[in-house]
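K.L.:
Take a look at the following structure, please.
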Amino acid sequence: MTELIVRRLLIDLDQPVERHWCGGDAFLTAWFNALSMSFPIGEQFFIDSVRAGFKALPPDRQEPLRDEVQGFVGQEATHRRIHALFNAQIEKHGLRNHWEPRARRRLARMDGADVRHGVAITAANEHFTALFAEWLLSHPELLDGCDPRLKTLWLWHSAEEAEHKSTAFDIYQALGGSHAWRVRWMRRVTMFFLGDALRQTVSNLRADGTLWRWSTWRSAARHLLGRDGLLRTSYAPWKRYFRPDFHPSQQHSDLSERWLTANAQVFVRVGAGA
Ligand SMILES: [Fe+2]
Ligand SMILES: [Fe+2]
């Protein structure tokens, strides 16, 4: 069991955010903005799915997972609240969130489905966020020129994603979820996630008037496909999810712990659960 602490981040998101808040880089800004747009609806779905999965467990299987589930819910609830504040700021730049309504329509089709489907979708997404978190925590210099509040926001979120990366997966296993459905959902989630992230990034760049700038494409190529790029470095760990003996804890890293220890002044502990 993992002890999950819920933290309140001490940053003020009532103050405006610059249009190119990520060190003046239009692509990185649009990409992070796109991801943030998916969080309020996505993280609420993860909370609902993990709660439903937990409730469906027999009492003796619930007990060892109770505190971890409470911590998971508390962390994701905090993330979705703070990203909603951030999203309200970037909408002032004329950006429109197309990802959320599309995700809402898709998720509506899940009503009444076996709870294990929602938990499998959550576990797949959590693997994605864990890969992204590991990438960002290993390249914090990407955010060096950024608004310091936002650098803190993204690294804190990454650190907590790494902390709770096993929760949904463990619930899925405890529910007796099959390997076949786990990997089937990973394939679908990958398609939807990459498609949605790309479409929203393009939409953000178009609204920003920077879609057809050479510097935008150069940054995209470097940060996604370059030697240390997100897609290139994440491919091998993404593929490991398909192994029958995969478990998220196999991707051990102490970057999250190190960041949380070194940056303890930017948050306060609010206890587990929400
Ligand atoms: Fe999160
Ligand atoms: Fe998460």
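K.L.:
Take the conditions touching a strand residue (DSSP E or B) at 6+ places or on another chain (Cβ under 8 Å), under 22 Å from residue 11 (Cβ atoms) and open to solvent by less than 30 Å² (accessible area, probe 1.4 Å) and apply them to residue 82. Does it pass?
P.N.:
Considered against the rule, which asks whether it is touching a strand residue (DSSP E or B) at 6+ places or on another chain (Cβ under 8 Å), under 22 Å from residue 11 (Cβ atoms) and open to solvent by less than 30 Å² (accessible area, probe 1.4 Å), residue 82 comes out as yes.
Results for (1) assigned to a helix (DSSP H, G or I); (2) in contact with a helix residue (DSSP H, G or I) (Cβ under 8 Å, 6 or more places away or on another chain); (3) open to solvent by less than 80 Å² (accessible area, probe 1.4 Å), shown as yes or no for each residue.
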| site | (1), (2), (3) |
| --- | --- |
| 207 | yes, no, yes |
| 220 | yes, yes, yes |
| 224 | yes, yes, yes |
| 256 | yes, yes, yes |
| 259 | yes, yes, yes |
| 268 | no, no, yes |
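K.L.:
For residues that are within 16 Å of ligand 1 (Cβ to nearest atom) and open to solvent by 30 Å² or more (accessible area, probe 1.4 Å), tally how many sit in segment 29-79.
P.N.:
5
K.L.:
For segment 6-56, give me each residue that is hydrophobic (A, V, I, L, M, F, W, C) and assigned to a loop (DSSP other than H, G, I, E, B).
P.N.:
Hits for segment 6-56 are 6, 10, 11, 13, 17, 21, 22, 56.
K.L.:
Can residue 141 be described as closer than 27 Å to residue 31 by Cα, open to solvent by 40 Å² or more (accessible area, probe 1.4 Å), part of a helix (DSSP H, G or I) and of a type in the set (Asp, Glu)?
P.N.:
yes
K.L.:
Is it the case, given these coordinates, that residue 133 is surrounded by fewer than 22 Cβ atoms within 10 Å (Cβ to Cβ), of a type in the set (Gly, Ala, Ser), closer than 20 Å to residue 194 by Cβ and in contact with a helix residue (DSSP H, G or I) (Cβ under 6 Å, 6 or more places away or on another chain)?
P.N.:
Criteria not met by residue 133.
K.L.:
Pairs needed: first member in segment 164-188, open to solvent by less than 10 Å² (accessible area, probe 1.4 Å); second member anywhere, not in a helix (DSSP H, G or I); C-beta distance under 6 Å; at least 6 residues apart or different chains.
P.N.:
Here the result reads 164/4; 186/241, each pair linking segment 164-188 to a residue that is not in a helix (DSSP H, G or I).
The values are calculated or read from the model by the stated rules, or taken from the named source; none is laboratory data. Quantities reported herein were computed from a predicted structural model and do not represent experimental measurements. Positions of Cβ are generated from backbone atoms using ideal geometry, with glycine treated the same way; all protein chains shown enter the neighbour counts. Protein only, heavy atoms only, side chains kept; ligands, DNA and RNA dropped before computing areas. Shrake-Rupley method; radii C 1.70, N 1.55, O 1.52, S 1.80 Å.
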